[in-house]
1. Looking for whichever is surrounded by fewer than 17 Cβ atoms within 10 Å (Cβ to Cβ) and not small (Gly, Ala, Ser) here; the options are B:GLU57, B:GLU48. Which one fits?
2. Mind listing whichever residues of segment B:71-89 are charged (D, E, K, R) and not in a loop (DSSP other than H, G, I, E, B)?
3. Of these, A:ILE82, A:ILE67, A:ILE39, which one is surrounded by 21 or more Cβ atoms within 10 Å (Cβ to Cβ), of a type outside the set (D, E, K, R), outside any loop (DSSP other than H, G, I, E, B) and touching a residue at least 12 places away in the same chain (Cβ under 8 Å)?
4. Six or more apart or on different chains, Cβ atoms under 6 Å: show the pairs whose first residue is in segment B:112-124 and without any contact (Cβ under 8 Å) to a residue 60 or more places away in the chain and whose second is of a type in the set (A, V, I, L, M, F, W, C).
5. For residues that are within 14 Å of chain A (Cβ to nearest Cβ), of a type in the set (A, V, I, L, M, F, W, C) and surrounded by 14 or more Cβ atoms within 10 Å (Cβ to Cβ), tally how many sit in segment B:12-40.
6. Which of (1) assigned to a helix (DSSP H, G or I); (2) of a type in the set (A, V, I, L, M, F, W, C); (3) within 11 Å of chain B (Cβ to nearest Cβ); (4) loosely packed, with under 15 Cβ neighbours inside 10 Å is the odd one out, the single condition A:ALA57 does not satisfy?
7. Taking the condition modelled with pLDDT of 95 or more and of a type in the set (Lys, Arg), does B:ARG38 pass?
8. Specify the residue that is farthest from the other protein chains (Cβ to nearest Cβ); the eligible residues are those in segment A:72-89 that are farther than 14 Å from A:PRO30 by Cα and hydrophobic (A, V, I, L, M, F, W, C).
Amino acid sequence: MSASALEIDVLLFASFAEAFGSDRVRLSLPADATVATVIAGVQAASRALSDAPPLPATVRVAVNQAIAAPEQRVRAGDEVAIIPPVAGG
Amino acid sequence: MTGPHLVRCPVVADALLARVGSDGHGAAALFLGTVRDRNLGRPVTGIEYSAYEPMAEREMARIVEEARDAFGVTAVALEHRLGTLAVGEVSVGVAVGHAHRAPALDAVRFVIEELKRRVPIWKREHYVDGTREWVDPTR
């Protein structure tokens, strides 16, 4: 990974918020980070958690409150959130 | 008309129907989702709902707009409850009023299916044995 150029607070919900014990996690990302980089970063951070229940393997990311494609770039100031499988209704 | 909402008080069918009523309508269609007493055979005591609230309300508003475009319905009321609900309580309500029944019924089905598919709302079931689990429809 190149030198960190982007500090992003990623919003967490449901199983992720419970596993991290927080509604957000700070990631240090390279300047050219994408949505896929964010997912990999959160999954790596979750593996470092002790005795957390298993998390959904497939998650999406919302950037500025809209679901984003894996290749979308993430920029400073974006509102970034991990969206585990939804279950409303 | 007020937009779709996340609420922390009971979802009331009559209130939803009142919001979509009109003398020009010949139909009012209603769907209520309720908390079931078991899931996959396990007895459930209640369900706890949470959401990415600003995104969920935006997505609910988009779904209502899509229903308007697809079915020509302008009178749509949509509420989803958050917090911990007991068995039998209403978690979600959709009401649609229209001059005719077909667009009203089709729009109700569309709105609830899209809500379940894409609105960032999550639920954790509480079981009789005291355990709790996040529901993952993709698993």
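The values are calculated or read from the model by the stated rules, or taken from the named source; none is laboratory data. Quantities reported herein were computed from a predicted structural model and do not represent experimental measurements. So basically every Cβ, Gly included, is an ideal-geometry build from the backbone, and we count neighbours across all protein chains shown.
1. B:GLU48
2. Matches in segment B:71-89: B:GLU79, B:ARG81.
3. Exactly one residue qualifies, and that residue is A:ILE82.
4. B:GLU114/B:ILE63
5. 3
6. It is condition (1) that A:ALA57 fails.
7. no
8. A:VAL80
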